[in-house]
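Have a look at the structure below, then the notes.
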Amino acid sequence: MTTQDDRLFLITGATGTTGAETVRLLLERDHRVRALVHREDDRSRVLAAAGAEIVVGDLLDFHDVSAAMRGVSGAYFCYPIHAGLLDATVVFAQAATEAGVTSLVNMSQISARREAASNAARQHWLAERLLDRTPLLTTHLRPTLFAEWISWWWGRQDNEGMLRLPLGAGRHAPVAGVDQAHVIAAVLENPAPHDRQAYPLHGPVEMDHHEIAEAMSRALGIPVTYEPTEVEEFAEGLASRGKSAHLIQHLSSIAIDYRNGIFQGTNNLIEVIGNRTPLTVEEFVTGRKDAFAQSGSHFVPAKRS
């Protein structure tokens, strides 16, 4: 039987927005951490240098996941917005059960529900239901849009910035990956009180995207504006950039959800569970100015006339 000091935690998506921060937190707390990555690169080497055990594998490969589960006490399951979520969930659940894993934290999303128009969001709801039927202590996290979203989707030209998104006048409280990591780590360390819970995670201040742009402008010291777009134009722009049909269908659907208030709200779960005060948009941007030196990787410019 393991003690808290020698438990081994498996973190998937370990080089991603929440995974890397969770690895760092658990290592700082003197836990053993195994990081499952899709490939070795500079990001995985940073984790290895910090003390994580690195394993390379595919979440859709049962043998890879089974090998990664050996000796694990608790696991964090984070699958990207790609096709295959339900297959990966089945693989993860079976491998974890066979390995005698005690607990699992599942990254879902706030739009996960039976009636979701987004295929990905509905699959997250189904994945939650499947995991609830395992013997593992299971906790689902349902964050609103990440604070990182604004760095991915913003455009910069010279000394001006712009957000071009099909989100209308909808509102949400952006939540940073590092704040979510504090919740993930806390639940992994003490899973029993959180079994079969689904936690919506929000940042501290609910805002529309005009207000988000104003906060970014204050942090960056340049004008930043929000330009609402139509869903169809947004989808066409994503397609022109080679984004997958799965991603485009998801983002187009949640844009409507967002306008309808599915992503709005605030709560104190990050403080209560993660023992951390979540970052405001202005604090997030101020701490990551380098990420805003150029247009984000997903920015969709206006159509040329």
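The values are calculated or read from the model by the stated rules, or taken from the named source; none is laboratory data. Owing to the predicted nature of the structure, the values given are computational and were not obtained by experimental measurement. Glycine also receives a Cβ, built like all others from the backbone with ideal geometry; neighbour counts cover every protein chain displayed.
Observations, loosely collected:
- Output for the range 149-181, where each listed residue is under 30 Å from Glu28 (Cβ atoms) and either surrounded by fewer than 19 Cβ atoms within 10 Å (Cβ to Cβ) or hydroxyl-bearing (Ser, Thr, Tyr) (or both): Ser151, Trp152
- Hey, Arg39 at pLDDT 95 or above, out of contact with any helix residue (DSSP H, G or I) (no Cβ under 6 Å at 6 or more places or on another chain), surrounded by fewer than 23 Cβ atoms within 10 Å (Cβ to Cβ) and assigned by TED's automatic domain parsing to the domain that holds Thr102 or not: no
- The set of residues in the range 71-98 that are out of contact with any strand residue (DSSP E or B) (no Cβ under 9 Å at 6 or more places or on another chain) and assigned to a loop (DSSP other than H, G, I, E, B) comprises Pro80, Ile81, His82, Ala83, Gly84.
- Within the range 102-111, the set of residues being closer than 25 Å to Ile256 by Cα, touching a Leu at 6+ places or on another chain (Cβ under 9 Å) and of a type in the set (Gly, Ala, Ser) comprises just one member, Ser108.
- Residue within the range 130-140 that is part of a helix (DSSP H, G or I), assigned by TED's automatic domain parsing to the domain that holds Leu26 and either surrounded by fewer than 20 Cβ atoms within 10 Å (Cβ to Cβ) or not hydrophobic (A, V, I, L, M, F, W, C) (or both) present: yes
- Taken over the range 251-285, the criterion of being under 16 Å from Pro204 (Cα atoms) and among the polar types (S, T, N, Q) is satisfied by Gln264, Thr266, Asn267, Asn268, Asn275, Thr277, Thr280.
- For the residues Ala120, Ala198, Ala186, the requirement of being under 17 Å from Ile11 (Cβ atoms) and outside any loop (DSSP other than H, G, I, E, B) singles out Ala186.
- Flag if Glu98 is among the acidic types (Asp, Glu), more than 26 Å from Thr22 (Cα to Cα) and in contact with a helix residue (DSSP H, G or I) (Cβ under 9 Å, 6 or more places away or on another chain): no
- Failed item in (1) under 27 Å from His202 (Cα atoms); (2) in a loop (DSSP other than H, G, I, E, B); (3) touching a helix residue (DSSP H, G or I) at 6+ places or on another chain (Cβ under 6 Å), with Leu59 passing the rest: (1)
- The condition (being of a type outside the set (Ser, Thr, Tyr), on the phi < 0 side of the Ramachandran plot and buried (at least 23 other Cβ atoms within 10 Å of the Cβ)) is satisfied by just one residue among Ala67, Ala93, Ala48, Ala116: Ala93.
- Boolean, Asp208 is closer than 23 Å to Ala116 by Cβ, surrounded by fewer than 20 Cβ atoms within 10 Å (Cβ to Cβ) and among the acidic types (Asp, Glu): yes
- Residue within the range 255-278 that is under 24 Å from Arg122 (Cβ atoms), of a type in the set (Ser, Thr, Tyr) and surrounded by 16 or more Cβ atoms within 10 Å (Cβ to Cβ) present: yes
- The range 257-298, residues that are within 30 Å of His194 (Cα to Cα), in a loop (DSSP other than H, G, I, E, B) and touching a strand residue (DSSP E or B) at 6+ places or on another chain (Cβ under 8 Å): Gly261, Phe263, Gln264, Gly265, Asn267, Pro278
- Against the list (1) assigned by TED's automatic domain parsing to the domain that holds Glu232; (2) without any contact (Cβ under 8 Å) to a residue 40 or more places away in the chain, the condition Gly84 fails is (1).
- Whichever residue in the range 159-183 is charged (D, E, K, R) and assigned to a strand (DSSP E or B) and, among such residues, is nearest to Gly221 (Cα to Cα): Glu160
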